[in-house]
Amino acid sequence: MKVVILGCGKMGQELTRSLVKEGHDVTVIDHDESVVGTIGDLYDVMTVCGEGVDYDTLSEAQVQDARLFIAMTPRDEVNILSCFLAKRMGAHHTIARIEDTDMTDRELSFIKQQTNISMFVNPALIVAQELNNMLRLPSGIRADYFARHSFEMVELRTKMNSKFSNMNVSDLRRHFKENFLICAVGRGSDVYIPRGDFVLRDGDLLTINAAPTEIDKLLTEVGYINKPVRNVMIIGGSRTAYQLGKILIESGIRVKIIEQDRDRCRQLCESLPEAVVINGDGAQGELLNEEGLLTTDAFVSLTGMDEENILMCIYANEQRVPRAMCKVDRSAFADLAGRLGVEGLVSPNVRVSSLVLRYVRALENSAGSNIETLYKLMDGRAEAMEFIVKPDFPYLNIPLYQLEFKPGMLIGGIIRDTKPLIPGGNDHIEAKDRVIVLAAGQNLVSLSDAIIKVKES
């Protein structure tokens, strides 16, 4: 598929890397010649240096032949206008990044209708929603959701001598009364889709799928204490901080934001009157302690610097704050932070990339299913996808034990008439089911791609 990406910042580069990895014909546009040169050296892509709202630049990038045009610059007006122009020039689909936190759904709907933009992506809102999900869970655990929260998939690391340690996967189902499934295991640099005889070890990174009520019971039983969050301290008054503060306040949680810029503090006071806004340097330990770091339930660092966010999380961990999390843009820093014990990490680039990849694979669609949701797991080494099954799916009503799946593939859940099901070998797939698939080392476009054939009787 021919894809044109405007804007080669961190987010644009992550998208470029992901799309090139999946074999797409990618062209990138940026006004900075040095950035364009770097991208050209790193990836096998066509590069164009110029402005995204310039007809000649778009024409040179062959936007008229693009199946998808993606505008990822930091400027909303540039993204919207360039998508409008690309569409008029012949691009089939367009995606625009939006950063304006004050833009209402009604305004976005009007712009979408007038410009025929296929999809808007708001990184600040995406990160804020993920952080809010993480705050509901114990420290070090992240969650993704499928089928309007019918299924919850959590990622956690096994503690030393935990109830999971040294047990094989088949024994877990008999040992615990909760209905859940171990979908993937990360061990060192390897990712496994475990069979029943797979033995878990201390320090394994587990992906577990179950209904939300079952997840809560399981985490309690295995000793992951989940004290409710009642107050949150946020460092940095960014757009993400605003979105997160808004979500938390609406949930009845007390919010304190520490921001260096006085003008930004005034803006936050006006837009979030229920929050406590402090004008100061959040990197100063004394200020944090004075403002109640030692008694806060959760600490979130959302400054524009990855290094500062990581260091602040390390400090919060040293002060035994129950939950410490931060935003990290660069994947290299995310790996480093993990080794330093910072578990609550969120990457806007990875989340946006996953959202766009889901859309791209939907455009590639093959018969039998539509991809509804896509999440990157295990630091991007595995994926979880939700497919909606069509009536022409070729493997309807066949027991799963009769289907031969590709290596590294697993059916992690089925939602039928809003009811979640952890599938066994005798279960089958029906039309209109929502099916969750785990894949390690392979990219799926459709549910049919996960299956090789029906086994001979």
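The values are calculated or read from the model by the stated rules, or taken from the named source; none is laboratory data. In this text, all values refer to a predicted model and were calculated from it rather than measured experimentally. FYI the Cβ positions are ideal-geometry reconstructions off the backbone, even for glycines, and counts take in every protein chain you see. Accessible surface areas use protein heavy atoms only, side chains included; no ligands, DNA or RNA. Shrake-Rupley method; radii C 1.70, N 1.55, O 1.52, S 1.80 Å.
Extension gain for LYS453-GLU77 works out to 130.5 nm (0.36 nm per residue, less the C-alpha to C-alpha distance). Per-residue Karplus couplings for segment 374-389, computed as 6.51 cos²θ - 1.76 cosθ + 1.60 with θ equal to phi - 60°, are listed in order as 9, 10, 8, 10, 6, 6, x, 8, 9, 9, 10, 10, 10, 10, 9, 7 Hz, Gly and Pro entered as x.
Of all accessible surface on segment 371-454 at a 1.4 Å probe, what whole percent is carbon and sulfur? Of all accessible area on segment 371-454, carbon and sulfur atoms account for 49 percent. If the label point is 7 Å along Cα→Cβ of PHE405, which residues in segment 423-439 have backbone nitrogen under 14 Å from it? Under cut-off, by backbone N: 423-429, 435-439. Protection proxy ranking, highest mean first, for peptides 202-215, 104-117, 229-242, 122-135: 229-242, 122-135, 202-215, 104-117, where packing is the per-residue count of other beta-carbon atoms within 10 Å, averaged. Modelled label positions at ARG67 and ASP202, each set 7 Å beyond Cα in the direction of Cβ, lie 4.9 nm from each other.
Computed from backbone phi, the HN-Hα couplings of segment 403-418 come to 9, 9, 8, 5, x, x, 10, 8, 7, x, x, 10, 10, 10, 6, 6 Hz, rounded to whole numbers (Karplus: 6.51 cos²θ - 1.76 cosθ + 1.60, θ = phi - 60°; Gly and Pro given as x). Protein heavy-atom surface of segment 2-121, 1.4 angstrom probe: 45% of the accessible area is carbon and sulfur, with nucleic acids and ligands not counted. Here the spin labels are modelled as points 7 Å beyond Cα on the Cα-Cβ line, and at ARG88 and GLU364 they lie 3.2 nm apart.
Probing with 1.4 Å while keeping every protein chain in the model, the per residue accessible area of the chain equals 45 Å². Full extension of the chain segment joining HIS175 with GLU290 gains 36.7 nm, where the gain is 0.36 nm per residue of separation less the Cα-Cα distance.
I need the peptides 157-163, 413-419, 182-188, 440-446 ranked by packing, meaning the mean over residues of other C-beta atoms within 10 angstrom, with the highest value on top. Numbers along the way, then the final one.
Details: 157-163: 14.3, 413-419: 16.0, 182-188: 20.3, 440-446: 17.6.
Ranked from most to least packed, the peptides come out as 182-188, 440-446, 413-419, 157-163.
Would you please classify the overall shape of the chain from the alpha carbon gyration tensor, given that a ≥ b ≥ c denote the square roots of the eigenvalues, rounded means a/c under 1.5, and beyond that prolate means a/b larger than b/c while oblate covers the rest? Working shown, then result.
Values: a/c = 1.79, a/b = 1.06, b/c = 1.69.
In terms of gyration-tensor shape, oblate.
Annotation: peptides 447-455, 169-177, 22-30, 298-306, ranked by per-residue average of other Cβ atoms within 10 Å with the highest first, follow the order 298-306, 22-30, 447-455, 169-177. Sequence-ordered 3J(HN,Hα) estimates for segment 137-146 from the Karplus curve with 6.51, -1.76 and 1.60 and θ = phi - 60° stand at 9, x, 4, x, 10, 10, 9, 10, 10, 10 Hz, glycine and proline given as x.
Amide H to amide H distances under 5 Å link GLY412 with ILE436, VAL437, LEU438, where only residues 5 or more positions off or on other chains count and H is placed in the peptide plane. Surface composition of segment 137-222: carbon plus sulfur atoms contribute 47% of the solvent-accessible area (1.4 Å probe, protein chains only, all chains present).
If you add up the charges near GLU221, with Lys and Arg at +1 and Asp and Glu at -1, over every other residue whose beta carbon is less than 13 angstrom from its beta carbon, what do you get? Present the calculation step by step, with values, prior to reporting the outcome.
Values: positive: LYS163, LYS177, LYS217; negative: GLU178, GLU214, ASP216.
So the surrounding residues net to 0.
Here the calculated FRET efficiency for PHE110 and LEU336, from their Cβ-Cβ distance with R0 = 56 Å, stands at 0.85, rounded to the nearest 0.05.
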